[in-house]
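Below is one structure, written out as structure tokens; the observations come after it.
Laboratory data are not the source of any read-out in this text; all were calculated from the coordinates shown. As the structure is a prediction and not an experimental result, all values here were calculated from the model. Cβ placement follows ideal geometry from the backbone for every residue including glycine, while neighbour counts extend to all protein chains displayed.
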Amino acid sequence: MKEITRRFEQLLWEGDASDNDSAEELYRAILPAGSSDTWYWGDVDYTDKTMSFWCTKRHLDRIKSILRAFGKARFLENGEYTKRMVGALRYWLVNDFENPNWWHNQIGVPETLGDIAIMMRSALDDETLHRAVAIISRGSMAKNERIAEQWTGANLMWGALNTVRHALLTEDEPLLMRAVGKISEEITVGKRDGIQEDNSFFQHGKRLYSGGYGRSFLYGISKLLFLINGTGYQLSPEKVEIILSFVLDGVRPMVQGHSLDWSCVGREITRPDALDVGLIKTALEILLSAEKLPRKDELKAFLESIQGGEQPTLTKYFDKACMLCHHFNGIYVGAKFLGDELLGAEICIGEGALCYNMSYGTQTCIMRGGDEYFNIAPVWDYSRIPGTTSLIETDEQLLARKGWGSRPLPNQCFGGKQQGGRAVIYELAEHDGIKMLAADFAFEDGFVCLGVEVEPQDAERDEFVTTVDQCLVQSEVLFEDDSILHNGIRYTSLQNTHISSAVETKRGSWRRNNGGLPEDTVSADVLTLSIYHSEKSKCQYAYMISSADMPTPRVEVLQNDSATQAIRLPDGSVMAVFHRADVLLVGDKKILGNAGDILC
């Protein structure tokens, strides 16, 4: 236990020197609270009850940030500094602030308070430590049986790590053993929440959250591995392999540079810096510091790609999550579709009310540098999600939609297949007056998207639009033959599809889609690429994404209808998905296919 405590302190005290300026400013702003030897900040709202971004918790966050920035030596040697920091801790303990959202009380506060108590332990008297432990225990298996009995996925990871904090502060070895054992049980595949057989991550049911809850799960498990590796508590090789497979075969395919695919973070897209991979970077650094861990070369390569190194050539079809990730020629394209039991976006604690169009699939994320969607949420037109075919609606119209966040939408056919660096993903998207078959094809030098409406559902419908992309402007937009070029990415029209381009300065606020965030106006230049569909004819589209630095791949659309969607690549090979029994003509050859057959 002493060695694990030492390692935990090492993790906590390793601060970032760049934080010193802001930490010094925060430290100078702390104020004495009467005669009770407690200290507080005048700009923190201690009455706030916001369920998402709880302002009051900034008090604890600031204590931890200051401690990390100034370092352990200053805390031990500077009496006035120690007095103020301990006084700031006491202010929280005396007032015992709570939030209507259980997560803050049972996870967030015990986590940060536990870290602070471990860092300050040598300067805390018995009464102060006892008060801290009493609050921390709300998130510990010692006092909260729901953690072991009901919590799953990332929530269980948080609860188990808080139990570890509790055990180290009270020197309770049986409690430490129980916490590690419970985490070990959760490191498995195929549960309702957690790591799936394809190494994607689900939370809140069959809902992709690899970049949200999954990112937190990865960060927590990396800390645990560092703490217990080489001790009597260490995990079995089988458990370690599950973790490494999740990192390298699950998370890595969804990362381009310093950014996550926006479709894998769930409702967290509504939060600032939601796509930032900083937590993943830290997890990789922690894993690389652990001794005798396999696959370290791959972990190092992943870390280097985040830090600006070479991007991978990598293709991964996630059959459980119905997602295709394709890295090629320095470009990333991700396609998130929807199976009949999968859940799309969700609404929770005031977040995500505008995300309806993320609930029926055909989402695409197209990146080169990683800044394309970074903090775009305040100005995004949520009726125009990249990859989707949808009505053009206002925020008010989207907010009027009810009930979509907790149920899967109808989908009679979906699936995919991968063979090496080629893959196909398809679905039937049925919603709002259309019945659209979409199929995406990933190959060595590009990515082709096909769509065709099976049958109009509403003759009086409004105009529909397929949004090819809606991203932040990164460079000048250029036009070349049938292509639009932006940020080193080429968008090429196929089969006489017309792609419209618009660059606009858009304005909005974080509060549009997250009730806990400021309503201050944010502006940004946004590029929107659109395919408009006449209400008098069936929707149909075909376009390709490739590198603007290379010749345009000569791809031919062989068929794009309700029976078959197929393309022929420059080498003459065919990629296709058959929605029903059909004969595909390729020159003088015939390819027979049955419903559900895929060629890649």
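The table below lists the values:
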{"item": "For region 314-599, radius of gyration divided by Kirkwood radius, i.e. Rg to Rh on alpha-carbons", "result": "0.95"}
{"item": "Estimated distance in nm for a label pair at residue 397 and residue 473, the labels positioned 7 Å out from Cα along Cα-to-Cβ", "result": "2.6 nm"}
{"item": "Residue 265 long-range amide H proximity, modeled H, under 5 Å", "result": "211"}
{"item": "Projected label distance in nm at residue 590 and residue 298, using a 7 Å step from Cα toward the beta-carbon", "result": "4.5 nm"}
{"item": "Pairwise FRET efficiency - residue 31 versus residue 98, Cβ, R0 = 30 Å, nearest 0.05", "result": "0.85"}
{"item": "Convex hull (Cα only) mean projected area of the chain, reported in nm² to one decimal", "result": "27.7 nm²"}
{"item": "Relative contact order (%) - criterion: Cα under 8 Å, at least six apart; region: the chain", "result": "9 percent"}
{"item": "Between 0 and 90°, nearest 10: helix 173-186 axis offset from the chain longest Cα axis", "result": "0 degrees"}
{"item": "Loop GluC sites (Glu not before Pro), region 454-535 (other Cβ atoms within 10 Å of the site Cβ: 15 or fewer; DSSP)", "result": "460, 463, 476, 519, 535"}
{"item": "30 Å Cα-Cα threshold exceeded, pairs from 336/538; 83/182; 72/191", "result": "83/182; 72/191"}
{"item": "For region 1-184, the fraction of alpha-carbon pairs in successive 5 Å shells from zero, as %", "result": "1, 8, 17, 20, 21, 17, 10, 5, 1, 0"}
{"item": "In sequence order, calculated HN-Hα J values of region 431-443 (Karplus, 6.51, -1.76, 1.60; Hz; x Gly/Pro)", "result": "5, 6, x, 10, 9, 10, 9, 10, 9, 10, 10, 9, 9"}
{"item": "Two-site label geometry, residue 3 and residue 561: point separation in nm, points 7 Å out along Cα→Cβ", "result": "7.0 nm"}
{"item": "Under 5 Å, built H, 5+ apart or other chain: amide partners of residue 490", "result": "546, 547, 548"}
{"item": "Sites residue 413 and residue 76, calculated FRET efficiency, Cβ-Cβ separation with R0 45 Å, nearest 0.05", "result": "0.10"}
{"item": "FRET efficiency, 1/(1 + (r/R0)^6) with R0 35 Å, evaluated for residue 173 and residue 44 via beta carbons", "result": "0.40"}
{"item": "Value at 222 nm in deg cm²/dmol, rounded to 500, when DSSP H runs of n ≥ 4 in the chain each add -39,500 (n - 2.57)", "result": "-8500 deg cm²/dmol"}
{"item": "Distant alpha-carbon pairs in region 357-421 (separation over 17 angstrom), percent", "result": "58 percent"}
{"item": "Loop GluC sites (Glu not before Pro), region 7-91 (other Cβ atoms within 10 Å of the site Cβ: 15 or fewer; DSSP)", "result": "14"}
